[in-house]
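The values are calculated or read from the model by the stated rules, or taken from the named source; none is laboratory data. Since the structure is predicted, the reported quantities are computational estimates derived from the model, not experimental observations. Virtual Cβ from ideal backbone geometry, glycine too; neighbours counted across all protein chains shown. In case anyone asks, the SASA skips ligands and DNA or RNA and just uses the protein heavy atoms, side chains included. Shrake-Rupley method; radii C 1.70, N 1.55, O 1.52, S 1.80 Å.
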Amino acid sequence: MANEDTAPIPLQTSVTRPGIRAVVALFAGGALLIASTFPDLVIVPLPTDTPRLGPSITAWSMDLGLGHSIQQYLGVVTLIIGVALVAVATASLRPEFRWTRNASLIAGGLGVAAGLQLAAAGYSTGTLLAQLASASGEPISASLGLGAMLALLGALASLIAIAFPPRRDLVPVEEPVIVERVEDEVEE
């Protein structure tokens, strides 16, 4: 006679996996974050009477237009998190990949934070340089460059990946296992 202790284990089990929309959003977020580390983060126009080139601020260097660039490493965190998001999105295509809602929040949250951090760091540096250049009397304001826009789009794609709930897939168990409870006979 079967009871709850001797009932057979079901032949299928439920596995939580990311949905295809979440995978695409994570992949796009990671790719945009990686791409955002290469172009200019901020554009600082110089007064019109100066013939030299304007400052160039990227995630890796800052060139004030004097021919000497200053190394900076703003893009390290963004690049690492972008690569991690692409790796997670690629790994989630494998059937044995497991996913939880907390993992979705962590991956997406890291992507949002990295994109916002890179855009904010670039913009604050550009604003400082614009204020220094404004000391000549002509007001100058910094504007977002392609790198900062890509970083913000990567943050948005990571945020969208959080919004998609994970899906549940039924996975068949390869070998059915039946567990039975054997009671000892008591001799009197």
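In table form, for the structure just shown:
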| quantity | calculated |
| --- | --- |
| Scope region 63-80; condition open to solvent by less than 30 Å² (accessible area, probe 1.4 Å) and either assigned to a helix (DSSP H, G or I) or of a type in the set (A, V, I, L, M) (or both); matching residues | 75, 78 |
| Those residues of region 82-100 which are surrounded by fewer than 20 Cβ atoms within 10 Å (Cβ to Cβ) and hydroxyl-bearing (Ser, Thr, Tyr), in sequence order | 90, 100 |
| Residue count for region 124-174, restricted to those that are over 30 Å from residue 15 (Cβ atoms) and not in a helix (DSSP H, G or I) | 9 |
| Residues satisfying the stated conditions in region 24-40, i.e. touching a Leu at 6+ places or on another chain (Cβ under 7 Å) and either modelled with pLDDT under 90 or in a loop (DSSP other than H, G, I, E, B) (or both) | 36, 37, 39, 40 |
| Scope region 146-169; condition of a type outside the set (A, V, I, L, M) and open to solvent by 30 Å² or more (accessible area, probe 1.4 Å); matching residues | 164, 165, 166, 167, 168, 169 |
| Options 117, 72: the member that is modelled with pLDDT of 90 or more and out of contact with any Lys or Arg (no Cβ under 7 Å at 6 or more places or on another chain) | 117 |
| Matching residues in region 101-145 - criterion: being closer than 19 Å to residue 39 by Cβ, open to solvent by less than 20 Å² (accessible area, probe 1.4 Å) and either of a type in the set (S, T, N, Q) or in contact with a Gly (Cβ under 6 Å, 6 or more places away or on another chain) (or both) | 111, 115, 142 |
| Among the residues listed as 141, 134, the single one being modelled with pLDDT under 80 and over 20 Å from the mean Cα position of the chain (by Cα) | 134 |
